[in-house]
Amino acid sequence: MDNFVLTLSCADQPGIVAGVTTELFGLGANIAESNQFWDRDTGKFFMRIAFAAPQGTSKDGIERALQPVIARFEMKTAIAEESRKPRIIIMVSKFDHALRHLLYQTQVGWLRAEVVAIVSNHEDTRSLADADGIAFHHLPMEKGKKAEQEARVLEVIKAADADLVVLARYMQILSDQLSTRLFGKVINIHHSFLPSFKGAKPYHQAHERGVKLIGATAHYVTPDLDEGPIIEQETARVTHAMSPDDLIAAGRDIESRVLARAVKNHVESRVMLNGHKTVVFSS
């Protein structure tokens, strides 16, 4: 049997689940996991189905079989083959904690993805890439040459046939043009539960304000800085006795975990865009 994941969205109405499962049954498929959500505010319906189909079944064959129900309900669909590991490019600057965590999780198999390249505006993480046999692209950000640098980033993405770009503390703001072009295919980690402290030294700002919670937010990148659809978040309690360095250490740990979970949910087709929000069918 070959394993696939079908995701779909459409206006909610009776018969959607029955229509889809009937067509899959006709293919001889066996459903392994099914999740669904009806957004009552928008009237939209979202569904994720993981299933095993007879060996030799192709994506094209599945799409043809589903075409009548897709047309009937005017569905937006996507089909992923579980045997194919999504190809990821990780972009990073100098802080490498989130990068190291992602590399480790791919090595142990928790994150079923292939890191095909590391892109950085600094040389600091080249040794990590070399140690793992991953292509490293040093693309420095020179004043007045942002468009040229981003054009080179796009060339790397295209050449690597990448499915997803992960900003693992990449300390450069993507242009509106690049953010729009890659919408839904770039995940960023933000060093706050909510984007309260922007700019340099956010943990020092948090310490000065005497915060009692710190956290991290993983989201899709949009032209609105740190305001894209949220995929994953986590917080931790902190106290007055903790120094800025203590907050930084705790924050790096949270950032690494949150980003990895967001990437895992994305590559497993568990995240669906719902306007400015997401529907996340976590495992």
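Just so it is clear, none of the values below were taken in a lab; they were calculated from the coordinates. This one's a predicted model, so the numbers in the text were calculated from it and none came from an experiment. Cβ atoms come from the backbone with ideal geometry, glycine included; neighbour counts cover every protein chain shown.
Here the Karplus relation 6.51 cos²θ - 1.76 cosθ + 1.60, evaluated at θ = phi - 60°, turns the backbone of region 30-36 into coupling constants of 10, 6, 9, 7, 9, 10, 8 Hz, with x for every Gly and Pro. Near the amide H of Ile231, within less than 5 Å, lie the amide hydrogens of Ala218, His219, Tyr220, all on another chain or at least 5 residues away, with H placed in the peptide plane. Mean projection of the Cα convex hull over all viewing directions, computed for region 2-81: 4.6 nm². Between Ala18 and Leu154, what's the calculated FRET efficiency when r is the beta-carbon distance and R0 is 30 Å? Round to 0.05. Efficiency computed from Cβ-Cβ geometry: 0.10. Note on Lys158: aspartates and glutamates with a C-alpha under 13 Å away, same-chain residues under 8 apart excluded, are Glu150. Taking the Cα centre of the chain as reference, the dipole from Cβ charges on Lys and Arg (+1) and Asp and Glu (-1) amounts to some 280 debye. DSSP beta bridges confined to the chain are antiparallel in about 70 percent of cases.
Take Leu225 and Ala32, extend 7 Å from each Cα along the Cα→Cβ direction, and tell me the distance between the two endpoints in nm. About 4.3 nm separates the two model spin labels. Using the Cβ-Cβ distance between Arg237 and Asp132 with R0 = 30 Å, the FRET efficiency computed as 1/(1 + (r/R0)^6) comes to roughly 0.30.
The ellipsoid equivalent to the alpha-carbon distribution of the chain has semi-axes of 36, 23, 18 angstrom, derived from the gyration tensor eigenvalues as √(5λ) and listed largest first. Apply the a/c threshold of 1.5 to the C-alpha gyration tensor of region 1-149 and tell me whether it is rounded, prolate or oblate. Taking the square roots of the gyration eigenvalues as a ≥ b ≥ c, region 1-149 is prolate. The ranking of Arg261, Arg152 by Cβ neighbour count inside 10 Å, starting from the fewest, reads Arg152, Arg261. Looking only at Met141, Met75, Met242, which one moves most when the chain is put into a Gaussian network model with springs between Cα atoms under 10 Å? Looking only at Met141, Met75, Met242, the biggest GNM fluctuation is shown by Met242. Applying the Karplus relation 6.51 cos²θ - 1.76 cosθ + 1.60 with θ = phi - 60° to region 275-283 yields 3J(HN,Hα) values of x, 8, 10, 10, 9, 10, 8, 5, 6 Hz, where x marks Gly and Pro. GNM remark for the chain: springs join alpha carbons under 10 Å apart, and the peak mean-square fluctuation among Glu33, Glu142, Glu255 falls on Glu142.
Mean residue ellipticity at 222 nm, helices only, the chain: -10500 deg cm²/dmol; runs of at least 4 DSSP H residues each add -39,500 (n - 2.57), and the sum is divided by the number of residues.
Give me the one-decimal nm value for the distance between modelled label points at Arg72 and Lys143, 7 Å along each residue's Cα-to-Cβ direction. That separation, rounded to one decimal, is 6.4 nm.
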